[in-house]
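Student: There's a structure below that I have some questions on.
The values are calculated or read from the model by the stated rules, or taken from the named source; none is laboratory data. The model shown is predicted, which means the values in this text are computed figures rather than measured ones. As a convention, Cβ positions derive from the backbone with ideal geometry for all residues, glycine included, and neighbour counts pool all protein chains shown.
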Amino acid sequence: MPNLEQIRDRYNEARALCKKRVVICAGTGCIANGSLKVFDAIKNAVALAGMEVTVSLKSEDPKEHKHHDVYMIGSGCQGFCQVGPLVMIEPNGIMYGHVKPEDAEEIVSRSVAKDELIDRLIYQDPVSGQGYKGPEEIPFYTKQSRTGLKDCGNVDPKNVNEYIAHGGYFAARDAFTQMSSEEVCKLYQDSGLRGRGGGGFSTGLKWDFARKAEGDKKYVVCNGDEGDPGAFMDRSILEGNPHSVIEGMLIAARAVGADEGYVYVRMEYPLACSRIREAIKVATEMGILGDDVFGTGQSFHIQVMEGAGAFVCGEETALLSSIEGRRGMPNPKPPFPAQKGLFGKPTVINNVETLALVPIVMQQGPETYRKVGTAKSPGTKTFALTGHVANTGLIEVPFGTTIREIVFEIGGGVLDKDGKINNDAFKAVQIGGPSGGCLTREHLDLPLDFDSLGSIGAMVGSGGMVVMNDSTCMVETARYFMTFTQHESCGKCVPCREGTRQMLEMLEDVTKGEATEATLDLLEETGRTVKLTSLCGLGKSAPNPVLSTLRYFRDEYEAHVKARYCPTKNCKALTPITIDPEICVGCTLCKRVCPVGAISGEVKKPHKIDPMICIKCGACISACKFKAIS
């Protein structure tokens, strides 16, 4: 049985001997932007400066601890993806963004050695130009409430000693050594913790159902099959703090009496897969996982299962089928997985974010946890903020926070079509990915929680949040999401298989100018039918983007079918080709190449295109040497 207090204390003693701690973001986004090269460059610069550097602190005997000038780690996602690669310098609280390897020498010589601030590397407000030293000052961070993400981006995901030093595995030990299964379930029912995978079902109640289910074998499954476009919350947690997920699974196992667990991760997440595998290996070697969890004689083993990328496998019964080696297709409920799940045994399924919050709830206690958020949706929610917004990245806010606060304060404002901050350009937010719906300007002050969003036909979903400005065509947006869900339909039930295909064909007719007003009525009717009659959550939620845009942006749909015109000029078939009279010199070249005679005009005078004749072949655009036609 590992001595957690000893590991924590010895690690902190070793940490105290390090003058500076340099944290380089090593999440997928920053790695793609070259953060590993930045890590190597800073490490080399520290060595060239004659300073002692370590990249791995261990909880060894205090006599083995050595003095180090710099302790370097590669963390998980730090959230502020817009300005990566990110470098944090502690204890100074300095954060640098857009760091390049060639900045390493200056960072070491000025900020690491002399505590100087490099103004050109700190975050600067795009409107006021004001510079901010670090997370304690940057509005993107100060207006959040980072709970589940608190250590993601702050600890070394490959060093279990750091996780333990931050209080890790103490909650799991208490659950196994001081509490009964019934007490664990009651604690989470009292906390009000709800599943963060989209459904929002009570975590403690789900566990209690599985606890009461008859069976000598039970399972705990972590759902990491995050497939929504624009969503990367689960991936970031698995990459940045994998031990929090393992601890959450341990507590769930204690609650229901499970001795085996699976982490189901998308194969498109190679870094997440490798880090959770390594964390499981380390936890097993330490005796945290295995045949004698915390000396109680109870066993719990975890395996990692890589999914093939099917969106439908995010649905729990389809996920279980995939783990069993069968095609990932949903099954009717009841029976629910808590009664009859993996291999026919009672099974608890929670998503990554939910499990990462589980240890925090026990550490804080139910009463303290409920102080944040709303009465029916306590706690915080992580969102992946993307789209036409100044600050994109991974954020965490209390339930009840409004769209206005997220987009205009944390997000820094809406970007117009010219890339400038202009909040008047705000048009909509697509929340919940292809399973969610559109929120408009009238919803800016709507508190975000499970019940408020449900009342207007939207849903929290997994937490994808895409901001759109007034240059976005909502019809094309609906077509994009329907293309995704139709492609991802498993085809098991007719309403989803055929209904989504028919909806997509109707949307394509609208964007091509081949639809009528009757098409819109049929589109809406089909969407409601698919939503009502589909077998699983994918089909039931697939029409949401279409139905919500039809509800709030019907004028755009009508412009497409009545006037054969796309107001935002995004639908090529409905965007007229025009000649700019200020640029046209009347060379007549466009007139000569037009195959249908749609262009008129005299030599050396601006020409015109008759939209009723033009077939939009583009020949005139290619022929014009003065770029007067678009």
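Student: Residues in the range 113-120: is at least one touching a residue at least 40 places away in the same chain (Cβ under 8 Å) and either within 22 Å of Leu48 (Cα to Cα) or touching a helix residue (DSSP H, G or I) at 6+ places or on another chain (Cβ under 6 Å) (or both)?
Tutor: Scanning the range 113-120 turns up at least one residue that is touching a residue at least 40 places away in the same chain (Cβ under 8 Å) and either within 22 Å of Leu48 (Cα to Cα) or touching a helix residue (DSSP H, G or I) at 6+ places or on another chain (Cβ under 6 Å) (or both).
Student: Condition test on Glu409, is it touching a residue at least 40 places away in the same chain (Cβ under 8 Å), under 22 Å from Met233 (Cα atoms) and either out of contact with any His (no Cβ under 7 Å at 6 or more places or on another chain) or hydroxyl-bearing (Ser, Thr, Tyr) (or both)?
Tutor: yes
Student: Follow-up question, since we're still on this one. Hey, any hits in the range 410-421 for a residue that's crowded, with 19+ Cβ neighbours inside 10 Å, modelled with pLDDT under 85 and farther than 24 Å from Asn350 by Cβ?
Tutor: Within the range 410-421, none of the residues are crowded, with 19+ Cβ neighbours inside 10 Å, modelled with pLDDT under 85 and farther than 24 Å from Asn350 by Cβ.
Student: Scan the range 142-151 and give yes if some residue there is among the hydrophobic types (A, V, I, L, M, F, W, C), crowded, with 22+ Cβ neighbours inside 10 Å and in the same structural domain as Ala49 (by TED's automatic domain parsing), otherwise no.
Tutor: So far as the range 142-151 goes, no, none of its residues is among the hydrophobic types (A, V, I, L, M, F, W, C), crowded, with 22+ Cβ neighbours inside 10 Å and in the same structural domain as Ala49 (by TED's automatic domain parsing).
Student: In the list Gly224, Gly248, which residue meets the criterion of being surrounded by 24 or more Cβ atoms within 10 Å (Cβ to Cβ), of a type in the set (Gly, Ala, Ser) and either assigned by TED's automatic domain parsing to the domain that holds Phe80 or more than 25 Å from Val372 (Cα to Cα) (or both)?
Tutor: Step by step, each of Gly224, Gly248 is checked, and only Gly224 is surrounded by 24 or more Cβ atoms within 10 Å (Cβ to Cβ), of a type in the set (Gly, Ala, Ser) and either assigned by TED's automatic domain parsing to the domain that holds Phe80 or more than 25 Å from Val372 (Cα to Cα) (or both).
Student: In the range 326-347, which residues are closer than 16 Å to Met305 by Cα and of a type in the set (A, V, I, L, M, F, W, C)?
Tutor: Within the range 326-347, Leu342, Phe343 meet the criteria.
Student: Another question, then. With the condition being touching a strand residue (DSSP E or B) at 6+ places or on another chain (Cβ under 6 Å) and surrounded by 21 or more Cβ atoms within 10 Å (Cβ to Cβ), I'd like the helices (runs of 4 or more DSSP H) fully within the range 1-120 carrying at least 1 qualifying residues.
Tutor: 35-48
Conditions (1) of a type in the set (D, E, K, R); (2) under 29 Å from Ala542 (Cα atoms), marked per residue:
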residue	(1), (2)
Glu226	yes, yes
Met233	no, yes
Gly248	no, no
Arg266	yes, yes
Thr284	no, no
Val293	no, no
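Student: Hey, another quick one. Restricting the search to the range 163-197, which residues are of a type outside the set (A, V, I, L, M, F, W, C), in contact (Cβ under 8 Å) with a residue 12 or more places away in the chain, over 30 Å from Gly74 (Cβ atoms) and not in a helix (DSSP H, G or I)?
Tutor: Gly192, Arg194, Gly195
Student: Give me the pairs: first residue in the range 9-25 and outside the structural domain of Val108 (by TED's automatic domain parsing) and under 12 Å from Ile89 (Cα atoms), second residue buried (at least 23 other Cβ atoms within 10 Å of the Cβ) and among the hydroxyl-bearing types (Ser, Thr, Tyr), beta-carbon distance under 6 Å, and six or more apart or on different chains, which are they?
Tutor: Final answer for the pair search is none.
Student: So which of Arg120, Arg173, Arg110 ends up being charged (D, E, K, R) and assigned by TED's automatic domain parsing to the domain that holds Arg196?
Tutor: Arg173
Student: Pick from the range 121-162 the residues that are among the hydrophobic types (A, V, I, L, M, F, W, C), assigned to a loop (DSSP other than H, G, I, E, B) and in contact (Cβ under 8 Å) with a residue 60 or more places away in the chain: which of them is farthest from Glu396 (Cα to Cα)?
Tutor: Val127
Student: Is it true that some residue in the range 601-611 is closer than 30 Å to Ala478 by Cα and out of contact with any helix residue (DSSP H, G or I) (no Cβ under 7 Å at 6 or more places or on another chain)?
Tutor: Looking through the range 601-611, at least one residue is closer than 30 Å to Ala478 by Cα and out of contact with any helix residue (DSSP H, G or I) (no Cβ under 7 Å at 6 or more places or on another chain).
Student: If Val304 satisfies every condition in (1) under 26 Å from the mean Cα position of the chain (by Cα); (2) assigned to a helix (DSSP H, G or I); (3) of a type outside the set (D, E, K, R) but one, which is the exception?
Tutor: With respect to (1) under 26 Å from the mean Cα position of the chain (by Cα); (2) assigned to a helix (DSSP H, G or I); (3) of a type outside the set (D, E, K, R), Val304 is out only on (2).
Student: Looking only at the range 544-589, filter to residues that are in contact (Cβ under 8 Å) with a residue 24 or more places away in the chain and small (Gly, Ala, Ser); which one of those is nearest to Gly457 (Cα to Cα)?
Tutor: Looking at residues that are in contact (Cβ under 8 Å) with a residue 24 or more places away in the chain and small (Gly, Ala, Ser), I get Ser548.
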